[in-house]
Amino acid sequence: MKDLKTAGQATDLPEFPMQRACPYEPPEGYAALREQSPLTVVTLFDGRPAWVVTSHALARELFTDERLSSDWTNPRFPVTSPARGALQKHNVMVGMDRPEHGHYRKMVIPSFTVKRMNRLRPRLQAIVDERLDAMLAAGPPADFVESVAVPVPSIAICELLGVPYADHEYFESETRKLVIRTSGEIAASALANLRAYLDKLIAVKEAEPGEGLVDDLIADQLHQGRIDRETLVKLCTIMLTAGHETTANVISLGLLALLRHPEQFDALRDDPDLVPGAVEEMLRYLSIAEVVSRVATADFEVHGRRIRAGDAVFFTNSAVNRDPDAFPDPDVFDVRRAPRLHTGFGYGVHQCVGQNLARAELDIVFRAVATRLPRGLRLAVPFEEVKAKGPAGPQGIIDLPLTW
Amino acid sequence: MRVTTDTGRCVGAGQCVLAAPEVFDQDDDGTVALLTDSPPDEEHENVLEAVQRCPSLSIALGGA
Ligand code: HEM
Ligand code: SF4
């Protein structure tokens with residue numbers, strides 16, 4: 001039976017992760033990997049061989065397998081670019097295993113329940129309306145990323161956390177440096193800056209409490225001795241960064257996909273109640289969280305392969321969510337598909353904690369896009385000029401120039 | 001159909017509430033709360049969807 005060493009001896013191992021050619025399509029090489037086997041071997045930037053999961057059934061099985069660890073402090077935890085190393089000490093919740101993971105996850109989930117998100121909807125609606133009004137009033141051309149896609153989730157997470165939106169330019173640009181990961185030094189300094197920013201904010205809030213999840217965490221966890229200050233800073237940094245950059249990518253890529261599939265855009269315009277299903281289809285089809293990393297902590301067999309402790313394992317969501325065994329005609333963008341079991345938010349105990357905030361934001365944004373934007377809406381530049389972000393972080397586009 | 005949930009495993013993703021809001025709710029602490037442990041026939045399909053969607057495998061089905 002092949003293990004990573006024997007399977008990895010081939011000289012022509014594909015490099016991983018691959019770059020998207022089209023901003024909303026998975027890299028072309030991922031389908032070929034899946035056709036080879038649900039579990040194949042690739043090589044990382046540093047020459048390290050790694051397992052890649054590309055089938056939906058196997059992904060669901062392994063996402064819940066506790067022999068695959070999220071522990072970022074494990075020296076064998078794999079990184080997909082030199083800059084990822086900076087994140088490794090940043091290991092609260094998302095970089096932890098059970099039961100430690102649950103201790104921190106339980107501190108934040110009360111703020112993200114379906115009920116809480118429903119109560120937030122009128123405020124989210126007001127934020128979306130305000131941004132769209134401003135974009136329409138200013139007239140064409142407009143950059144949809146700057147006018148809607150980034151500010152909507154950013155304002156929403158600020159209000160939920162109790163972070164002043166006035167600081168948005170600073171934390172948005174530092175977050176972008178962190179996730180785009182052009183170099184290890186840039187990512188490390190961006191992370192240090194974000195932490196220093198939140199550390200200061202926590203100090204201000206300790207002296208003068210406000211309203212929001214950060215204030216709740218200070219009162220209920222920090223001051224009760226359930227979390228130390230450094231860990232609280234890390235936790236708040238994760239909530240702030242994960243809370244805006246991800247959803248922004250789905251908003252901008254989702255609109256790009258609609259503009260490229262006018263019959264699908266028309267379907268939403270004719271029946272905006274298709275939007276919740278269309279949002280699930282965007283999460284599947286766009287799979288902006290393309291790669292999720294794990295390290296094996298035990299030897300075990302799966303699919304005729306032997307995984308050993310210390311092996312790197314990557315879930316490739318954009319391949320998993322285009323698996324024809326799970327989604328018929330997987331490469332067709334169909335707003336009526338309303339897929340339920342996509343892994344766009346991951347699967348297993350780390351499945352996105354902000355998913356119902358993201359769903360509410362996306363629902364309100366795309367209802368407004370379907371009902372309020374002029375029919376003549378189109379790209380203001382040739383499609384070929386809309387460039388995908390690099391392969392290491394969340395997938396998205398830098399700008400989306402529109403005219404109407 | 002009998003439904004049981006494991007609040008110790010639950011990670012509060014709310015997928016069960018989205019799939020079967022007549023059967024599942026979330027407590028103020030974010031973890032799953034059953035509205036009924038023996039849902040009527042017309043809810044069975046939704047409950048099966050909730051079982052499949054639950055990321056932490058916290059929902060189990062028993063016999064009649
Ligand atoms: C559409 C937008 C989003 C996408 C596609 C997305 C995707 C994901 C994915 C794939 C994971 C799993 C990572 C893993 O298994 O290692 C995850 C986890 C997480 N997400 Fe999101 N996310 C989105 C929006 C948000 C928002 C709005 C927030 C903040 C409020 C957020 C906060 C988090 C946190 C804190 C985790 C770690 C959870 C844990 O480890 O238990 N995300 N997200
Ligand atoms: S879907 Fe599972 S993890 Fe999520 S709230 Fe329901 S029981 Fe808990």
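The values are calculated or read from the model by the stated rules, or taken from the named source; none is laboratory data. Since the structure is predicted, the reported quantities are computational estimates derived from the model, not experimental observations. Cβ placement follows ideal geometry from the backbone for every residue including glycine, while neighbour counts extend to all protein chains displayed. The accessibility values were calculated without ligands, DNA or RNA, using every heavy atom of the protein model including side chains. Shrake-Rupley method; radii C 1.70, N 1.55, O 1.52, S 1.80 Å.
Going through (1) outside any loop (DSSP other than H, G, I, E, B); (2) more than 12 Å from every other protein chain (Cβ to nearest Cβ) one by one, residue B:37 falls short only on (1). Scanning the stretch B:17-28 for residues that are more than 10 Å from ligand 2 (Cβ to nearest atom) and either among the β-branched types (Val, Ile, Thr) or at pLDDT 95 or above (or both) yields B:21, B:22, B:23.
Looking at the structure I just gave you, is residue A:340 surrounded by fewer than 18 Cβ atoms within 10 Å (Cβ to Cβ) and within 16 Å of ligand 2 (Cβ to nearest atom)? When the stated conditions are applied, residue A:340 passes them. When the residues of the stretch B:1-23 are filtered to those that are hydroxyl-bearing (Ser, Thr, Tyr) and outside any loop (DSSP other than H, G, I, E, B), the one that is surrounded by the fewest Cβ atoms within 10 Å (Cβ to Cβ) is B:4. Is it the case that the stretch A:169-184 has a residue that's open to solvent by 40 Å² or more (accessible area, probe 1.4 Å), touching a Pro at 6+ places or on another chain (Cβ under 7 Å) and farther than 22 Å from residue A:364 by Cα? For the stretch A:169-184, residues open to solvent by 40 Å² or more (accessible area, probe 1.4 Å), touching a Pro at 6+ places or on another chain (Cβ under 7 Å) and farther than 22 Å from residue A:364 by Cα: absent.
Please count how many residues of the stretch B:40-52 are open to solvent by less than 10 Å² (accessible area, probe 1.4 Å) and either of a type outside the set (A, V, I, L, M) or more than 14 Å from chain A (Cβ to nearest Cβ) (or both).
Residues that pass the stated criteria total 0.
Residues considered: B:8, B:14. Of these, the only one that is under 25 Å from residue A:108 (Cα atoms) and within 10 Å of ligand 2 (Cβ to nearest atom) is B:14. Kindly establish whether residue B:31 is surrounded by fewer than 16 Cβ atoms within 10 Å (Cβ to Cβ), within 11 Å of chain A (Cβ to nearest Cβ), within 26 Å of residue A:98 (Cα to Cα) and not small (Gly, Ala, Ser). Judged against the criteria, residue B:31 is not a match. Within the stretch A:341-353, the set of residues being within 13 Å of the chain's Cα centre (by Cα), within 7 Å of ligand 1 (Cβ to nearest atom) and within 19 Å of residue B:58 (Cα to Cα) comprises A:345, A:346, A:350, A:351, A:352, A:353. Out of all the residues in the stretch A:62-78, is one or more assigned to a strand (DSSP E or B), open to solvent by 10 Å² or more (accessible area, probe 1.4 Å) and at pLDDT 95 or above? Yes: the stretch A:62-78 contains one or more residues that are assigned to a strand (DSSP E or B), open to solvent by 10 Å² or more (accessible area, probe 1.4 Å) and at pLDDT 95 or above.
Going by the conditions given, is residue A:130 free of Cβ contacts under 8 Å to residues at least 60 places away in the same chain and assigned to a loop (DSSP other than H, G, I, E, B)?
So residue A:130 fails the test.
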